[in-house]
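Take this structure, written in C-alpha cells, and hold onto it; I'll ask about it next.
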Amino acid sequence: MCRLSHLTQYEDEMGREHSMIFDLLNKEWALALIRYKEFRELFGDADRVKLLNEIGGGLFWDVQQMSWDDLMLRLTRLTDPEKSGRGKGERENLTVKQLPDLCKDAELRQEIEKLVTKAVNATQFARDWRNRRISHSDLTRAIDPSAEPLAEADLQKVKAGLDAVHAVLNTISVRMLGNGGIRNDVIITPRARAILAYARQLVDAVQYVDSLIDPNDTVPFTDTTAAAAFLRKLDRRPEWQETRQVIELREAARRFR
C-alpha cells in the first residue's frame, strides 16, 4: 500500500492542504479495509460463526453488530458531502468529494468527478443504514421493519464500496503523482485469526479430555465416578473441587459438538 509519508514531495502538484487531505483519505481508506478484513475473518464463514456462537453467542453477536456499524460509518464518512451543517454550524468533511479540487487538469478533474460519483453510489446502501438505523432510529421501520427494509447490504457490497473509493485515490496517485499507484490491499494478518486459532485449540483440548474419560460416549458428563476415576489415573486425589472441574470441562466439551 502506498502511504504518503513525505507530503512536501506532492505540494508542487496538489498544494500543502490538498496533499494532506489526500494522505488522510488514503489512511482512512486503508483503515476501513483493515476493519473489513477483520470482520470477514470473524464472521465471513459459517463454521467460524458457529464456533463463536458456541463460545459466547451473545457477546460475539454484539461484537458483530458493532463491527458492522463501524464499517457502515467508515464507508459513509469516506463519501460524505464536502460540508455538513448550516450557518455557523457548517463544517468541512474529510471526504473523496474534496478530491476533484486537487486536479489542475480539466480532463483529469472530470474523470475524478465521475469516479467520485461512482464511489458515492457504491456506498449509498451504507448511508441508508447510517441514516435510518445507526445515527437515527427510523420510526416507520421501528414500528414495522418489513414496511421499509434497510438497503440490501453484505460483505461484497462493502468491498465494492471500498474498491470504488480506491479507484479515486489510485487514479490521482498514478495520474498526478506519477507513481505506481496505491495497492488495493493491506498486508496484515488479521488479529481475529489468533482469537479463532486459540478458540479452536481450546475446543480440541476439552474434547480430547472428554474422549479419554468417555471413549464410547455413554457416560453423562455429570457422572462424578467417571471424573474421579480420571483423576486417579493422573495420580490426583478426587477432591470435590477437582472432580467438579473435570465435570465442567466435560460439559464445555459437549457444547462444541
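The values are calculated or read from the model by the stated rules, or taken from the named source; none is laboratory data. Please read all numbers here as calculations on a predicted model, not as lab measurements. Ideal geometry is used to build each Cβ from the backbone, glycine not excepted, and the neighbour counts take in all protein chains shown. Accessible surface areas use protein heavy atoms only, side chains included; no ligands, DNA or RNA. Shrake-Rupley method; radii C 1.70, N 1.55, O 1.52, S 1.80 Å.
Go through the stretch 156-189 and count every residue that is in a helix (DSSP H, G or I) and either in contact with a strand residue (DSSP E or B) (Cβ under 7 Å, 6 or more places away or on another chain) or without any contact (Cβ under 8 Å) to a residue 12 or more places away in the chain (or both).
Of the residues in the stretch 156-189, the ones in a helix (DSSP H, G or I) are 156-177.
Okay, now just the ones that are also either in contact with a strand residue (DSSP E or B) (Cβ under 7 Å, 6 or more places away or on another chain) or without any contact (Cβ under 8 Å) to a residue 12 or more places away in the chain (or both), so 156, 174.
Total meeting the criteria: 2.
Listed residues 148, 152; which is open to solvent by 30 Å² or more (accessible area, probe 1.4 Å) and more than 23 Å from residue 40 (Cα to Cα)? Steps first, answer last, please.
Details: 152 fails: more than 23 Å from residue 40 (Cα to Cα).
After ruling out the rest, the residue left standing is 148.
Go through (1) open to solvent by less than 60 Å² (accessible area, probe 1.4 Å); (2) at pLDDT below 95 for residue 95 and report which single condition fails.
(2)
Conditions (1) under 25 Å from residue 33 (Cα atoms); (2) of a type outside the set (D, E, K, R); (3) at pLDDT 95 or above; (4) open to solvent by 40 Å² or more (accessible area, probe 1.4 Å), marked per residue:
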| position | (1), (2), (3), (4) |
| --- | --- |
| 107 | no, no, no, yes |
| 111 | yes, no, yes, yes |
| 130 | yes, no, yes, yes |
| 137 | no, yes, no, yes |
| 141 | no, no, no, yes |
| 161 | yes, yes, yes, no |
| 171 | yes, yes, no, no |
